[in-house]
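Okay, so here's the structure we're looking at.
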Amino acid sequence: MLIEILAGGSIAVLSGSLGFIISKKITSANFEIYIQQAKAKANAIENEAELLLQKATFNAKELEEKAKRAFEEAKANAKADLAQREQEVDKKELEFEQYKTKEEQKLSDTTAILKAKQLDTEREQKRLTRLQGEYEQKLQELISTIENRAGMTKAEAKALLLEKVEETSRVEISHIVRRYEEEAKQQAQQKANFILAQATSRFAGDFAAERLTNIVRLSDNELKGRIIGKEGRNIKALETLMGVDIIIDDTPNAIVVSSFNLYRRAIATKTLELLIEDGRIQPARIEEIFAKVSQEFEDGILAEGEEIVANLDIGVMHPELMKLIGRLRYRASYGQNALAHTLEVAHLAGVMAAEMGANPTLAKRAGLLHDIGKALTHDQDGNHVDLGAEICKRYNENEVVINAIYAHHGHQDIHSIECGAVCAADALSAARPGARREVLESFLKRVTQIEEIASKHNSVKQAYAINAGREVRVLVNAELISDDEAALLAKEIAQEIEESVQYPGEIKVNVIRESRTIEFAK
């Protein structure tokens, strides 16, 4: 068994040795093959590197040759360009030298000419000085001769000349005046129209023309006899006590109370109505009813004045002034109720003052008091302007109010925006068509006076007043006056009317210049 084990071990060792030797031989053979292959690859790489080196060397030489050729070409071009520029510089230098020489020669010639002209100027100056002296001497001799021959002094001749120049320059002056007027109108027209439109659109006052009579309705014609009374005692008592005329005619169931004083007429009307209602018409009862109605009216006008001041929101006012405001209801101017006109002016003035950035409260106060003097004209002597200013000064009214009282009739200049608003509102209220009436005789006199003022100018062919005397149309001779002179003539006529005529509102002067050419076809 041991022998078998040893034999098996020997065989195994022998087999392993043999396998190792065989494996070593095989490995050695493979290694030689690998070495040979590596040497072959190395030789190939070496040969390829030599070829690449040779090729690179060839390319480098070729590039070097190209670079040399390019350098030589650039060098040649640079030399040629430099030579060309040097030629151009030489040419410019030559031209500059020629130009410099020419300019120096020209400057030298100019200097010589200037020196010669300077000498000539000096000689001419001396000559002119001498001639001026001779001229002044001759002129003085001529003036003396003309004065002796013409029989007038230099000052008189100058005045005459200026007068002639003024006549000949009238067209130019009128053109300038017209141009500046048009510019001023264009600048002011839009703002004025806006303010007036705002004022008139925001206030629409009630208006009723005041008449000179009141009618008292009777339930029975027999009452007329009782009003007349025995031997006319009742009607005489009524007319004497109330200061009115009572007209009893054939008009059925009516009697007429007539008076220019609205206040007395209103009291008389109310007294008659109460007497007729009471039925006891006799002198004693008439006096009693009249006293009662008079007191009611006095209390009523104060209450109305207080209400107006409160509604306008114009602050505190003296009771006497508020009483006079209430009394304005019974005053009229050209048929326009004084209180209605005053309220209209106050509202319009307040709106316009607000639009122009002024104090609307003060403007309304001035508008309310601008005609306050009309409440005193029936009781005191003097015009309503002075009376109104005096009463307002007495109760310490604002200076703007005093200025408005004077300025709205042109007694003072306008000193504030509020006063200007009052004057504009007064003209707007008075000039509104239908706002006022006037007596026929005074109207005809005013219209005639306006036409005479316009007709007295030399270039006027015809002048006539239209639109109830609020416009005068003037037809002028187109051969004697130009368009610009027509504008100046309109201004002159308007100024003469302002100075000579008393009128409510404003009067438009319309100068018409036209030329007509007529020919007949035969």
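The values are calculated or read from the model by the stated rules, or taken from the named source; none is laboratory data. Here the structure is a predicted model, which is why all the values come from computation and not from measurement. Glycine also receives a Cβ, built like all others from the backbone with ideal geometry; neighbour counts cover every protein chain displayed. We work out accessible area using only protein heavy atoms, side chains counted, and drop any ligands, DNA or RNA first. Shrake-Rupley method; radii C 1.70, N 1.55, O 1.52, S 1.80 Å.
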Segment 333-412 shape via C-alpha gyration tensor axes, a/c threshold 1.5: oblate
Solvent-accessible surface ranking, highest first, for 63, 475 at 1.4 angstrom: 63, 475
Protection proxy ranking, peptides 487-493, 295-301, average beta carbon neighbours within 10 Å, highest first: 487-493, 295-301
Order of exposure, largest accessible area first, which applies to 260, 96 with probe 1.4 Å: 260, 96
Residue-span extension gain [residue 260 to residue 248] - 0.36 nm each, minus C-alpha spacing: 2.5 nm
Accessible area per residue, Å², segment 257-404 with all protein chains present, probe 1.4 Å: 42
Residue 45 accessible area, assembled protein chains, probe 1.4 Å, Å²: 110
Efficiency of FRET from Cβ geometry, residue 131 and residue 155, R₀ 35 Å, rounded to 0.05: 0.80
Nitroxide proxy distance, nm - points 7 Å out along Cα→Cβ at residue 292 and residue 75: 14.7
Links that overshoot a 23 Å alpha carbon limit, given the list 323/364; 236/292; 292/364: 292/364
Accessible-area ranking of 111, 240, largest first, probe 1.4 Å: 240, 111
Ranked packing of 417-425, 87-95, most packed first, by mean Cβ within 10 Å: 417-425, 87-95
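Within 14 Å, Cβ to Cβ, of residue 478, how many net charges do the neighbouring residues add up to if Lys/Arg are +1 and Asp/Glu are -1?
Local net charge: -2.
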Segment 264-315 - percent of accessible surface contributed by carbon and sulfur, probe 1.4 Å: 47
Area of residue 415 that stays accessible when all protein chains are in place (1.4 Å probe, Å², to 10): 140
Sites residue 89 and residue 114, calculated FRET efficiency, Cβ-Cβ separation with R0 22 Å, nearest 0.05: 0.05
Long-range HN-HN contacts of residue 474 with modeled amide H, under 5 Å: 510, 511, 512
Chain lengthening between residue 36 and residue 444 when straightened (0.36 nm per residue, less Cα-Cα): 131.5 nm
Accessible surface of residue 331 - all protein chains present, 1.4 Å probe, nearest 10 Å²: 10
